[in-house]
Amino acid sequence: MATNESVSIFSSASLAVEYVDSLLPENPLQEPFKNAWNYMLNNYTKFQIATWGSLIVHEAIYFLFCVPGFLFQFIPYMKKYKIQKDKPESLESQWKCFKVLLFNHFCIQLPLICGTYYFTEYFNIPYDWERMPRWYLLLARCLGCAVIEDTWHYFLHRLLHHKRIYKYIHKVHHEFQAPFGMEAEYAHPLETLILGTGFFIGIVLLCDHVILLWAWVTIRLMETIDVHSGYYIPLNPLNFIPFYAGSRHHDFHHMNFIGNYASTFTWWDRIFGTDSQYHAYNEKRKKLEKKTE
């Protein structure tokens, strides 16, 4: 009985979303995107699309999202949004971070990306335009991937902070006490593999088209670069997502080293009380701000 009710609820929700979608104006980018997608299918093999296409998407999206945070350090007006104002970025540390990133991206992540084609072939994941999912279904699957990755990240990240393990692996990522966007994937190769596994679990369970691979990597990179940005901008659209952790939440983790282990959402930290020091810190900060007003 409960199963039938659940199916009925999901069916009703799906119909409601389809109805809302039918009322929306036609997307002017739909046709150009369709033409570009079909051009890609007609001129490149599935292996080239899955491998080199995925690499290009990852690199382009990663460094594109890093640009705003990088420029903020040169704009005096943005200093008021800097979370740890006493720890400004340095070009030396950013250059060091960039070199490690290139190693991780091309020596650790690229070999993993090379397996994308074989994954899509084994599970018969389609590439064609006709079977591309609607935007709301794609968004729902990306949300599912985010929930799965966040759960994996919380427990494995917390394990990497164990005193017997921390100095061997996760300490590399905590080299910068005040994070900046490009540092999001600055990590020990083993950490890249361990925490990165959470990214692929959702793909294995939910992928129904190759576009989900690129949509999910885009959302995941946008989120992780945002929380590592070192800046809290109130009008950031991501801050309006329910239970979204955000830059302040993760910045405290880098500053304090203990607590706030989740990657995207706040619920696991709340359930296990690993955000208690963060809330105490916020209360203290608010009292100091009131005194200075």
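Across segment 197-210, which residue is nearest to CYS66 (Cα to Cα) among those that are outside any loop (DSSP other than H, G, I, E, B) and open to solvent by 20 Å² or more (accessible area, probe 1.4 Å)?
This residue is PHE199.
Any chance you could count how many residues in segment 43-64 are under 24 Å from PHE123 (Cβ atoms) and open to solvent by 60 Å² or more (accessible area, probe 1.4 Å)?
Matching residues across segment 43-64 total 7.
Answer yes if at least one residue in segment 108-121 is free of Cβ contacts under 8 Å to residues at least 24 places away in the same chain and of a type in the set (Asp, Glu), and no otherwise.
no
Looking at PRO133, PRO126 in this structure, which one is modelled with pLDDT under 95, over 15 Å from ARG220 (Cβ atoms) and of a type outside the set (Val, Ile, Thr)?
None of the other options fit; the residue is PRO133.
Identify, by number, the condition in (1) charged (D, E, K, R); (2) open to solvent by 10 Å² or more (accessible area, probe 1.4 Å); (3) at pLDDT 95 or above that LYS290 doesn't meet.
Every condition holds for LYS290 apart from (3).
Kindly indicate whether any position in segment 265-274 is closer than 20 Å to ALA178 by Cβ and not aromatic (Phe, Trp, Tyr).
No, there is no match, as no residue in segment 265-274 is closer than 20 Å to ALA178 by Cβ and not aromatic (Phe, Trp, Tyr).
Would you check if ASN260 is in a helix (DSSP H, G or I) and among the polar types (S, T, N, Q)?
no
Could you grab me the full set of residues in segment 263-293 that are in a loop (DSSP other than H, G, I, E, B), of a type in the set (Asp, Glu) and within 13 Å of HIS249 (Cβ to Cβ)?
ASP275
Are there any pairs, at least 6 apart or on different chains, whose C-beta atoms fall under 8 Å, with the first in segment 139-164 and without any contact (Cβ under 8 Å) to a residue 60 or more places away in the chain and the second among the hydroxyl-bearing types (Ser, Thr, Tyr) and assigned to a helix (DSSP H, G or I), and if so, which?
That search, which allows pairs on different chains as well, returns TRP152/THR197; LEU156/THR197; LEU160/TYR166.
The values are calculated or read from the model by the stated rules, or taken from the named source; none is laboratory data. Everything numeric in this text was worked out from a predicted model, so none of it was measured. Don't worry about glycine lacking a Cβ; one is built from the backbone with ideal geometry, like all the others, and counts go over all protein chains shown. Ligands, DNA and RNA are stripped out before the accessible areas are found, and what is left, the full protein with its side chains, is counted by its heavy atoms. Shrake-Rupley method; radii C 1.70, N 1.55, O 1.52, S 1.80 Å.
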